[in-house]
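Reading through the structure tokens given below for one structure.
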Amino acid sequence: MKTNIGVFFGGRSTEHEISVISASQAMHAINRDKYDVTPIYITKQGRFYTGDALFDVANYRDIPALLKQCREVYMRPVFGDYNVYLAKKPFLRSAVLTTLNVVIPVLHGSNGEDGIFEGVLETIGIPYAGCNTLSSANGMDKITMKQILKANGVPVVDYTWFTDKQWFAQRGKIVERIEAELHYPVIVKPANLGSSVGIGRAANREQLIEKVDEAEKYSTRIIVEHMVEQLQEINCSVLGDCDEYQMSALEEPIKSGDILSYEDKYMGGSKGAKGMQASEKRIPAELPEDVTARIKFLAGETFRVLSCHGVSRVDVIVDKADGNIYVNEINTIPGSLSFYLWEATGIGFEELMDRLVKLALRRKRESGQKTVSYDQNIFSMGGGVKGGIKK
């Protein structure tokens, strides 16, 4: 029997459509002579569906019609149960539709890339590709990520952060702190979103207030960063685990304005949504050898100190005014799984997917060697339980 890969995508996220595109690309790259593929689409309402119609990205133009061609399913949060169940059990037949052997999450943004979905997979105990709950959460939250990187000697730009409630209660003080510590221009971002959603540049107080008011619509935590004005953005993908990994070729995304927008990343200007590979870029980035080496080193260090796994993409900033290099962020489930960067490195998309499956299975084997409980029952030892009530 072939290994059955469950590819999960969509989700309750502002990056829902991008996830669909990335998953479609990934599923078509998987070697069907070696693997079976079960697509599991998570709607914006959080319901799971599967069916062959999900393989064709053109079908997502009409979601209600698409779902009529699919069956609603679910997985139980029971350790060791890798079955996919039909939501509507057939009369006198098993509710089990199929059994998964490994999961590849292709979920971008909140409720998927931030550790929430990974926690469900950990509860079930099924092998899965990519970062675990902890590294996903740390990688997704721009504040926590920068705190960890800075503590481990990985350079990041100066920043400050606050919550939406603090913003409403202490707006004046926060604005003064930003102006004193960072100076204009600054970049305002929701702390836990990707794909440039809710991100804006502010060159003065009026714009700062406007951009923070926009960002807080998407997140309870806001980060404001010093903006490097003469910046060059460079991306590098990393593949493996935190003990053994390799870096890809570098790319320089081409932006249409001060920052790389959602449209720049995924719509290729007016070319239509085709995923990250459709955006304008230079591969390999035209950089001196020492700069290339430094960026690859920082990308690897970011992957390592965040304890990442699978394939990620690290975005860095080069300050062309002084040559300083800063890590901007990590995408633990990058758009299009960064397959185009690995193709430029000599690893095809099919091989990339194969490696992700092998990494998932190896991690499962290794984690199975760790002790997670003691084979004893303290309640059978007699007496009361510390902190309990004796009667």
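The values are calculated or read from the model by the stated rules, or taken from the named source; none is laboratory data. Because the structure is a prediction, the values reported are computed rather than measured. Virtual Cβ from ideal backbone geometry, glycine too; neighbours counted across all protein chains shown.
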Every residue from the stretch 179-191 that is within 14 Å of E214 (Cα to Cα) and touching a helix residue (DSSP H, G or I) at 6+ places or on another chain (Cβ under 7 Å): V188, K189, P190, A191
Filtered residues of the stretch 75-104 (kept if aromatic (F, W, Y) and either outside the structural domain of G46 (by TED's automatic domain parsing) or in contact (Cβ under 8 Å) with a residue 12 or more places away in the chain (or both)): F79, Y82, Y85
Residue that is nearest to R355 (Cα to Cα) [pool: residues in the stretch 3-22 that are within 13 Å of the chain's Cα centre (by Cα) and assigned to a helix (DSSP H, G or I)]: S22
Number of positions in the stretch 167-219 that are of a type in the set (A, V, I, L, M) and within 21 Å of Q147 (Cβ to Cβ): 12
All positions within the stretch 334-357 that are over 22 Å from G139 (Cβ atoms) and under 20 Å from the mean Cα position of the chain (by Cα): F349, D354
Any hit, the stretch 48-65, residues being assigned by TED's automatic domain parsing to the domain that holds H108 and within 21 Å of the chain's Cα centre (by Cα): yes
Count of residues meeting criterion [among the β-branched types (V, I, T) and crowded, with 20+ Cβ neighbours inside 10 Å] in the stretch 125-155: 2
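So for the stretch 84-101 (the condition being on the phi > 0 side of the Ramachandran plot, in contact with a helix residue (DSSP H, G or I) (Cβ under 7 Å, 6 or more places away or on another chain) and not in a helix (DSSP H, G or I)), does at least one residue qualify?
Going through the stretch 84-101, the residues on the phi > 0 side of the Ramachandran plot turn out to be 92.
This time we only want the ones that are in contact with a helix residue (DSSP H, G or I) (Cβ under 7 Å, 6 or more places away or on another chain), so: none.
Checked against the condition, which is being on the phi > 0 side of the Ramachandran plot, in contact with a helix residue (DSSP H, G or I) (Cβ under 7 Å, 6 or more places away or on another chain) and not in a helix (DSSP H, G or I), the stretch 84-101 yields no hits at all.
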